[in-house]
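Every read-out reported here was derived from the displayed coordinates using simple, explicitly stated rules and does not represent laboratory data. Just so you know, these numbers come straight off a predicted model, no measurement behind them.
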Amino acid sequence: MAREKVLVIGGGAAGMLASILLAERGFLVHVFEKNEKLGKKLFITGKGRCNLTNACETVEDLLQSVVSNPKFLYSAFYQCTNQQVMDFFEKLGVPLKVERGGRVFPRSDKSSDVIRALEQRMKKLRVSVHLDTRVKELVLKGQEGGIPGKRIQGIRLSNGTVVEGDRVLVAAGGRSYPTTGADDSGYLLAKEAGHEIVPPIPSLAPLLVREEYVRRLQGLSLRNIRFSVWDGKKCLYEEFGELLFTHHGISGPVVLSASAVIGRRLKEGTAKGLIDLKPALSEEQLDARILREFDKNPNKRLKNVIGSLYPSSLTPVIIELGGISPDQPVNKISREERRRLLGATKGFPMTIEGVAGFREAIVTKGGVSVREVDPSTMESKLVSGLYFIGEVLDVDALTGGYNLQIAWSTAWAAAHA
Ligand SMILES: Cc1cc2nc3c(=O)[nH]c(=O)nc-3n(C[C@H](O)[C@H](O)[C@H](O)COP(=O)(O)OP(=O)(O)OC[C@H]3O[C@@H](n4cnc5c(N)ncnc54)[C@H](O)[C@@H]3O)c2cc1C
């Protein structure tokens, strides 16, 4: 009997793994990648070190870090757990290590080792790789009459060539980081097949802030702060950790995670961001601390007394927010003025206007609606033989290796369907 032929669109994380698993199961596999090499985005993951999964204890823990549609991933995560991913890569000859927060990296700290191991396995299994080859359209049975068919027949490349296949996996990724070649093409292919696309927006990206005084702090990095985002009195997000001021707003781990949670909400308007610069101290404790500084130096100017409490570039901004002259001697500072200093310290305010663009976003939120995809096989419910895996789907997670786990698990589920 002739071997079934599977066409994989996209040679990124999901496409490469799927091609290996399918070839191991005896399928004839072709991978079409529009870039000049495989795994271009994988190469830059984890700042070039590739945080390929998270060593959290249970599948439930994995699911908790998924922001969009965790329920859809339930079956895929159970079919291919983080442990299975780690075993797979160790067996492939990529020794791993676990770092802070359960982040798993290759022991060599080189994403290129992950890519090379996948490539070598693909070569050994005789997966046919077509580089610099863009897939332009899906060929569906019955399409000739203008009515999309119910079964996949193959693909059409941008040079017009039609390649026939029994099954097609769309592993075309999301829109973020266009420098890696990421674009809309996966969504367009899905749309052609009649699938609904949840509007893609940037996620795990810096936040844009309105206030000029925030931009003045560009380059300043804060550790051990609490960052929260508010819609009126409703807290949308709160996290403790590290934050960085940039040329157009804020970034850093707590901010990236916030963008994943509040991204869609920001489409409707602004939100209020607050930084608690001294989360370990209550307002009373902080007030007592400020008073101690004042008592030690009663005749000194404010700017010279409270400097010990903040990084140097932050001190003038805090004083400005308190509406006090920096040259005022501290023994002339009123209780109300002190209260305003406290307020700016426990709730450094900003207006969040949006999420930075796809150029800076680690993942894309949105994509092929999961309502029309079978969660245990990743097969389209509209076109048989058509599958969607990886970031092209409307699923996204927080940082920590979870997004690649999504790519591996969905690829696994499709390959074992
Ligand atoms: C800077 C950065 C750092 C990251 N770090 C991490 C990390 O450490 N850990 C983590 O878990 N996640 C990380 N991510 C996210 C992770 O890289 C993605 O979630 C993951 O790569 C998605 O895999 P994928 O296979 O679905 O898509 P991709 O890896 O993007 O692969 C899709 C491939 O399809 C190709 N393609 C698209 N359309 C076509 C077409 N029409 N024809 C042919 N080929 C096509 C593209 O060129 C691309 O190579 C990071 C992302 C970025 C941008």
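Descriptive notes on the structure:
- Straight Cα distances below 23 angstrom link Lys37 to the lysines Lys5, Lys47, Lys110, Lys123, Lys124, Lys136, with same-chain residues fewer than 8 positions distant left out.
- Comparing Cα centroids, segment 81-122 and segment 347-392 end up 24 angstrom apart.
- Helix 111-124 and the longest principal axis of the Cα set of the chain meet at an angle near 10°.
- Per residue, the convex hull spanned by the alpha carbons of segment 206-356 comes to 101 Å³.
- Viscosity 1.567 mPa s, 4 °C: Kirkwood-radius Stokes-Einstein D of segment 1-93 over Cα pairs, µm²/s: 86 µm²/s
- log10 of Debye I(q)/I(0), alpha-carbon scatterers only, for segment 193-293 at 0.12, 0.13, 0.22 Å⁻¹: -0.47, -0.54, -1.18
- Per residue, the convex hull spanned by the alpha carbons of segment 33-161 comes to 158 Å³.
- Out of every Cα-Cα pair that segment 1-41 contains, those further apart than 14 angstrom amount to 42 percent.
- Whole-angstrom gap from segment 161-232 to segment 33-61, using each part's C-alpha centre: 15 Å
- Using C-alpha pairs below 8 Å separated by at least 6 residues, the relative contact order for segment 206-356 is 31 percent.
- Distant alpha-carbon pairs in the chain (separation over 35 angstrom), percent: 37 percent
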